[in-house]
Amino acid sequence: MRFQKVTLQGFRNLPLCEVELAGRRTFLCGANAQGKTNFLEALGYVTALRSFRGAETRALIGHGQAQAGLAFGLEHETLGASRIMITLKPAAREVMWEQGRVTRLGDFIGRFPTVAFWSQDNQFLRGAPALRRRWLDLTLAAMDPVYLQALQSYTRAVAERNMLLKQGRGDAGTLEAFEHELGVHAAVLVAGRRAGVEAISALFHAAHQRLVPEAETAGLVYAPDTTAATASEFAALQAKNRPRDQLLKSTERGPHRDDIELLLNGRPARQFASEGQQRCLVIALRLAQAAYFKAKGGVTPVLLCDDVLGELDPSRRERFWASLEHDPQVIATGTSLPADADGWQVLQVENGRVLS
């Protein structure tokens, strides 16, 4: 897949931006806080209709603007030339493409894969489990409509059960009904996460080997919150925990508490990896995500590299380029041009303007 033309209006600090992207390598150069990351964020939005920075829709609309518009012209391996138009409003979102207005997320999410490498990825290892869980859910949901549906249904059921618990209105029968529904969707999520992590772990190990010369091994392990695996086991778990949940007014156990663990040489990377090793691990995980998208969807993702390549020493940067498979389009940012800038399309970003 390749972005060919990008038009943004009222997105973050980009009032009006029209850019033609040429070739497979584009570098956005400029000082900090000029709009480089915002540009990448807009491109990444087409994958899951979410910000890779986790921002809410309201935050994506420029200050004082009623709405934001995003339009993309793309070349796609299976869909051919495609045009996507997205309108963002504080409480609504509209997506249009050749097939018409998108009414079901499952019909669109994952069709146009991107993978974002950005500076905040360094928090991935040491941050809260919710950060890693969100990454896993977005990765799996982008390639599996069944997983996406189960995730949406499970999240909604947990929210509704929590509301009953907070209001103190849930009698045993009502809560039992929610617990049964939770169990059905939880079983799908756990099975999907277990299989997904196993597949991504093999890709992660291979990507890491291409990045580091040392005799280091990387792995990814699924860490479920409970040992429950079937719908009935999850329902029984929630029933058992009901008195405690009523006291805490929250559903305390289930897939919404799961985690994943990154390993380096068989040990938890968050405890034993150096800063440089952590950086390579996270980059390898993003490369594994790209390989997973390609394997599952048959489309080469666009790589969005936000001020990441400059953090690598020349040797590791060279290995990064050598590790890329299927000749992906790379759109990178930085405050200064890379030493190997030959062959790049260079765009200057200044005060919300993107200039060739």
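The values are calculated or read from the model by the stated rules, or taken from the named source; none is laboratory data. These numbers were taken from a predicted model, which means no experiment stands behind them. FYI the Cβ positions are ideal-geometry reconstructions off the backbone, even for glycines, and counts take in every protein chain you see.
Below, the figures for the structure above:
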quantity: Per-region count, the range 204-242, residues farther than 23 Å from G183 by Cα, among the charged types (D, E, K, R) and either crowded, with 19+ Cβ neighbours inside 10 Å or over 27 Å from the mean Cα position of the chain (by Cα) (or both); calculated: 1
quantity: A48 vs. criteria without any contact (Cβ under 8 Å) to a residue 24 or more places away in the chain and either under 25 Å from D137 (Cα atoms) or not β-branched (V, I, T) (or both); calculated: no
quantity: Conditions (1) of a type in the set (S, T, N, Q); (2) buried (at least 17 other Cβ atoms within 10 Å of the Cβ); (3) in contact with a strand residue (DSSP E or B) (Cβ under 9 Å, 6 or more places away or on another chain); number of the one not met by T87; calculated: (2)
quantity: Condition met for R83 (charged (D, E, K, R), in a strand (DSSP E or B) and touching a residue at least 40 places away in the same chain (Cβ under 8 Å)); calculated: no
quantity: Candidates V146, V184, filtered to the one that is surrounded by 15 or more Cβ atoms within 10 Å (Cβ to Cβ), aliphatic (A, V, I, L, M) and either without any contact (Cβ under 8 Å) to a residue 24 or more places away in the chain or in a helix (DSSP H, G or I) (or both); calculated: V184
quantity: Where I283 falls short, out of the listed (1) modelled with pLDDT of 95 or more; (2) crowded, with 17+ Cβ neighbours inside 10 Å; calculated: (1)
quantity: Meets criteria (of a type outside the set (A, V, I, L, M), within 27 Å of V282 (Cβ to Cβ) and out of contact with any helix residue (DSSP H, G or I) (no Cβ under 7 Å at 6 or more places or on another chain)) for Q99; calculated: no
quantity: A215 modelled with pLDDT under 95 and outside any helix (DSSP H, G or I); calculated: yes
quantity: Pairs, first farther than 19 Å from S315 by Cβ in the range 208-221, second polar (S, T, N, Q) and part of a loop (DSSP other than H, G, I, E, B), C-beta under 7 Å, six or more apart; calculated: T217/N265
